[in-house]
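The values are calculated or read from the model by the stated rules, or taken from the named source; none is laboratory data. Here the structure is a predicted model, which is why all the values come from computation and not from measurement. Here Cβ is always computed from backbone atoms with ideal geometry, including for glycine, and neighbour counts include all displayed protein chains.
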Amino acid sequence: MHQDSTGRIDGSLAIRLGRMCPSGPPRRGSRFPWLAALLMAVVASPFIAPARPGHGQPGTAPSADRPASTGAARVAYLPLAFNHGLLGVVGPVRANRARGLHDAPFDLVLSSNTAGATIRYTLDGSLPTEAHGQRYTGPITIDRTTTLRAAAFAPGYAPSPIETRSFLFPTDVAAQSNEVALSAGLPLTWGIVPDGRWAGQAVPSDYGVRAEIIARHGDTLAAALRSLPSVSIAMDPDDLFDPATGIYSNPTRFGDAWERPASIEWLGVDGGPDLQIDAGVRIAGGYSRRPEATPKHSLSLRFRSRYGASRLRYPVFKDSAVQSFDTLRLRAGQADHFNFAAHKAQYLHDQWGRDTQADMGWPTAHGAFVHVYLNGLYWGIYNVAEEPTAAFAASHLGGDEDDWDVVRDGELVDGRWSVAVEDGDARAFEAMLDVARQAPEPDPMDRARFEQLARWLDLPQFIDYHLIQIHAANWDWPNKNWRAARNRDLGNGFQFFVWDMEHTTALRDDPDDKLCVSVRDPRTGACGFKADTLGVQDLHGWLMHFPDYRIAFADRVQRHFFAPTVASADARYAGALAPAATTRRYARLADMIEPAIVAESARWSTADPTALHAIDFPKVWERYHDRWPYGPQTPDHWRLERDRVLTRHFPDRTAVVLQQLCDEGLFPPVAPPALTVDGDPLEPQQMALTPSAVGCRETIVGTAVYYTLDGSDPRTPWSGDPAVPWSGEPSPTAAAYRGTVKLPGYAHVRARAAVHVDGRWRWSAQVEARLGHPRLAVSEIMYHPEAGGVEFIELHNREPATVDISGLRVSDAVRFTAPEGATVAPGGRFVITADATAFRARYPGITPDGVFDGKLDNAGETIVVTDAGGLRLAEVTYRSDGLWPRAPDGWGWSLVPRGYDVDLDDPEAWRASVGRGGAPGAADPDPMAPEVVVNEVLADSTEPLEDAIELHNLGVRPADIGGWFLSDDASSPLKFRIPAGTVVAPGGYTVFYEGEFGTGARRFALSADGESVVLTAVDAGGALTGVMRGVDFGAAAEGVSLGRQPTSAGVDFVRLARRSFGVDAPATVADFRRGTGAPNAPAHVGPIVINELMVDPAPSDMEYVELHNRTDAPVDLSDTDGFGRWRLQDGITLTLPAGLVLPAGGFALVVGGDPDRFRQLHAVPPDVAVLGPFDGKLGNDGDTVVLARVADDDTWRAEDRVRYRTRLPWPVAPARAGTALERLAPDGYGNEPHNWAARRVGGTPGRPNTRLTWAFLPWVRAGE
């Protein structure tokens, strides 16, 4: 029986227990109730791994389709069983040494905390059982590469989880040989070639390293093996090499039946974290599966609940935010490998293609390089990569896996390449192909038909994907090696992902090489031509019938083949195929594996003319043997090819491909203009457009330039003549360039050069730049929808121009990245949601623009919007308490800002939407409800006072609030009904007393310990209208009211200096009730105030909070003077010690580090107490600090509160490290931003705050 680290037990337990009950599982009421419960749970468990065909079925012989296996199925750990007879689970096996790479021998000590447990272990990758494996009797000497798997057993207990640890000795790899492997029992052959030319021939095994490489480069091997992370795979040797059931001996077999359980260990470098996880392993790939093609096969790692964790959660790829995977591919590099490409192998071409797609701004399968070990045997360099599946698409593009259709290359059927389904279905893809099939030679000006097909595509992404393949002249594409995905739920267009780009021009660009067939330029004879491709499923070829598609294609060529001349906001993804970018990208990858390539050379280099792959592809090897007669590939060979690619291939490749595109009518002869700007592109003043001569060999310099600033095309779409290439008319929105153009704050510039020939304008490709900061706002938030609703966030483009939001990110609260090419129209709105299906059901006719990952917090959180370069465009922190509108908190309304030129941290800068459900995709109507708010509350009263609630009309019109409700509970807002006819005058007040709201069937009372008051409006029928305004207040002393305190940053609801209900010194309760309200008194300011804050100190300094006694008498902060105990809370916490007395006008400091060091650093006066360290850290971007004291009833009450920020109206200098925030007037309100200044680096801790000194100069008249 086996239990993994998640508590999962393998099914051998059920088998053994079943033998105790040969007639079947025990019935209820049997003598073994615990056994009945266990077996019934085992049978019913959804976690049981499906038994592989033939396993556990007596008389069933293995077959090609139903392989046998010695592995056992696993079931979930069932605690129920151990409560009915078993004593529990044996404690896990512990080891005294960590997994990883080691240099020196050591003694490995194993232990379990279960008394009397026996530990058994294996060293061959198989699972230890009570009957299999060596018994641990003492320390094991580990002096060579070892894969140890151990478990502990004890009578009456379930076995411990399997502990797998790989101890890799880099120097030991040099001694790895076939002879040693065969003597250890590994097979001489890896099955037979199943079919084809070599059908029936035995496949020779290959376990060793090459002695020639070790002799020449062995001194660098250890360092090479430490230069990349290592992946160690441990599994039963029969699951790898058994002739009938081993996946490596049957590499052409597909499907679940050919997946085997294994342990996967990731061993990092440079102190990176290690991990171990159980998973399934399959052979992966297409042609590379064939044993005559290569002995080094690709592997697919499948993380499933039947093995343990259903996903791997680990930062595999440093350049990706995705850290959760259900599948990873270990790519062996078949065509770009020493066994195939001989003298040209680089192991980089496929990763270069995927990195190129990422550099163009599109999601792509991330990858990294690792060393792989199989049961301790070094297996070479692999490229670990994501697989483009539905899970991949959901992780990178949002939505659920079930929302995605993922299709890929299929088989050649009746002369046509079919479409295969990876996930979902192919109905949408086939519907798109049907559009083209119905009109194989379409009318070039049939815009409706073009758009009918184009709506199924993400057209800019489709073009960019094809540009990569054309630039690389991918020999093994487009009929094979493509994948595409579409979010069916959103109705988006298909995106295509680079996958398997080994056969690229860098690999096949020798004109004498016969493998140049199909990528030879018919005009020049040079190898490396793909510009005439029809593309995936001939889609590109069909689209080329349309002149406007060719224009769109040329625009993407211009964007990616030329380095941007302006470092504008969108330049990040421009120039990805320019020579400098392609060379730099390749060099970066080469630098990653160069230190490791000697290990791959030692393991897989070959010159054996009798090897299957050499016999099967003799032409691949002829040129290699001509230069290096029968010598294995060395790191020097790899470097020669790398240098050739970097110095001779990439520098010229872009120009070569550009001319090929010119010849194929995919790039115009008219040269585009050059764009330059005056000043910082993010704060531009003006721009210039000048003629250029770059482009095709027969370049025509434009005689005119047209431009737009709103993102529209200077050429009118679909205005050309199909008989006149690149023709069309200027757009009505375009201006003819006459000279330097003054720019607005934000401009989306598009410009084209043109020449007028024979009465027709002929156009260049466009140049494009987004200059300045676009004004984008968070315009609506549905964070807590009612039942049947769905979360969404709306962004509003406040610019008069279209804003390209490619790469825009919404983060913190949820995660979303806008795809390349996403735009928002002038004044338009962009809506993202948690669930597109639920959104469309709730808002028929409205299609969301994207799906975010995560969930908005009902209590509130922060939404951050940044552009592709990381520039913050918008930030909103919403809440559902305090003065924030309450209707958006589960009642069906959304949260909408009242405007944008206000402090959106202020709760009253927001309101509920006018309509239930909000108005996603449109402006919310102006509200008509009166602006009446809760203004003052008295919650702790004795006669002649009683609890009271004051309302205030902020509006300029009388407010009829008759029929509205007051409540102390936002979840039950309809308690006290305000009498009909209650009207509050403009700017006026009205008060409701406990004698009113504290009586009747729905009465309520206010709590002296603090709670809420909510004012709710209803319509004539008693239905909610969305007006729910509330306040939350804390504990208050008897007779002390709390109320609204306006500040320059908004409104607070705090303790007031005195009551202001109208009659505030009554003789009786009846007298008190005569009060009809009055303006609030100022906020209370206590004797001790927060006087100075250091939130972002210099590196050698520390944070501090300064307290100040603003009175002319000492204040005892202990519990002997009636003031109670004091503490700092919220952002930081520290309870002030008993016995602390602040003298009149005195100070005390609470610091974030060592008090003695702080005193010495700042020469704090000896009479000033320095306390600390406090718990927590003051936020550099803003935080809240509260000074509170406890009353006799042990209730903490705020005495002072500062909620500082690092943006206006707060002083902005604290953003500069080392500048303190200093309070200007100790008797002024502490949370008023204008009562604070940031004037001195280092602050004035323990001393009076900085005072400005004014110098008055005499007035002197001119000439005197």
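General remarks:
- Among the conditions (1) at pLDDT 95 or above; (2) over 20 Å from residue 543 (Cβ atoms), the only one that residue 447 does not satisfy is (2).
- Positions within the range 807-834 being without any contact (Cβ under 8 Å) to a residue 60 or more places away in the chain, closer than 18 Å to residue 493 by Cα and in a loop (DSSP other than H, G, I, E, B), in sequence order: 818, 822
- Entirely in the range 50-165, the strands (runs of 3 or more DSSP E) that have 3 or more residues that are at pLDDT 95 or above, not assigned by TED's automatic domain parsing to the domain that holds residue 304 and not β-branched (Val, Ile, Thr): 106-108, 146-153
- Among the residues of the range 659-706, the ones that are assigned to a strand (DSSP E or B) and either more than 23 Å from residue 549 (Cβ to Cβ) or among the charged types (D, E, K, R) (or both) come to 13 in all.
- Meets criteria (over 25 Å from residue 448 (Cβ atoms) and assigned to a loop (DSSP other than H, G, I, E, B)) for residue 723: no
- Residue check, residue 634 among the β-branched types (Val, Ile, Thr), at pLDDT below 95 and farther than 27 Å from residue 469 by Cα: yes
- Here residue 1172 does not qualify as modelled with pLDDT under 95, crowded, with 16+ Cβ neighbours inside 10 Å and closer than 20 Å to residue 1219 by Cα.
- Test: residue in the range 791-807 that is touching a helix residue (DSSP H, G or I) at 6+ places or on another chain (Cβ under 8 Å) and either among the polar types (S, T, N, Q) or under 26 Å from residue 747 (Cβ atoms) (or both): yes
- In the range 1071-1110, the residues that are of a type outside the set (D, E, K, R), out of contact with any strand residue (DSSP E or B) (no Cβ under 6 Å at 6 or more places or on another chain) and either crowded, with 17+ Cβ neighbours inside 10 Å or without any contact (Cβ under 8 Å) to a residue 12 or more places away in the chain (or both): 1072, 1078, 1085, 1095, 1097
One line per residue, one yes/no per condition, for (1) over 30 Å from residue 313 (Cα atoms); (2) of a type outside the set (Gly, Ala, Ser):
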position	(1), (2)
366	no, yes
381	no, yes
385	no, no
431	yes, no
437	yes, yes
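- Residue in the range 1235-1243 that is modelled with pLDDT under 90, farther than 25 Å from residue 1154 by Cα and surrounded by 19 or more Cβ atoms within 10 Å (Cβ to Cβ) present: no
- Check on residue 402, in a helix (DSSP H, G or I), acidic (Asp, Glu) and modelled with pLDDT under 95: yes
- Test for residue 503: is it modelled with pLDDT of 85 or more, of a type outside the set (Ser, Thr, Tyr), outside any loop (DSSP other than H, G, I, E, B) and within 24 Å of residue 658 (Cβ to Cβ): no
- Strands (runs of 3 or more DSSP E) wholly inside the range 229-312 containing at least 3 residues that are among the β-branched types (Val, Ile, Thr): 275-284
- Scanning the range 108-131 for residues that are more than 23 Å from residue 87 (Cα to Cα) and of a type in the set (D, E, K, R) gives a single hit, 124.
- So residue 502, is it of a type in the set (Asp, Glu) and crowded, with 18+ Cβ neighbours inside 10 Å: yes
- Residue list for the range 557-612, restricted to those being among the aromatic types (Phe, Trp, Tyr) and modelled with pLDDT of 95 or more: 561, 586
- Restricting 951, 974, 938, 945 to residues that are closer than 18 Å to residue 1051 by Cβ, out of contact with any Leu (no Cβ under 6 Å at 6 or more places or on another chain) and aliphatic (A, V, I, L, M) narrows the list to 951.
- Evaluating residue 665 against the criteria (1) surrounded by fewer than 23 Cβ atoms within 10 Å (Cβ to Cβ); (2) on the phi < 0 side of the Ramachandran plot; (3) modelled with pLDDT of 95 or more; (4) not aliphatic (A, V, I, L, M) leaves one unmet condition, (2).
- Selected residue [in contact with a strand residue (DSSP E or B) (Cβ under 6 Å, 6 or more places away or on another chain) and not assigned by TED's automatic domain parsing to the domain that holds residue 1056] from 1157, 1203: 1203
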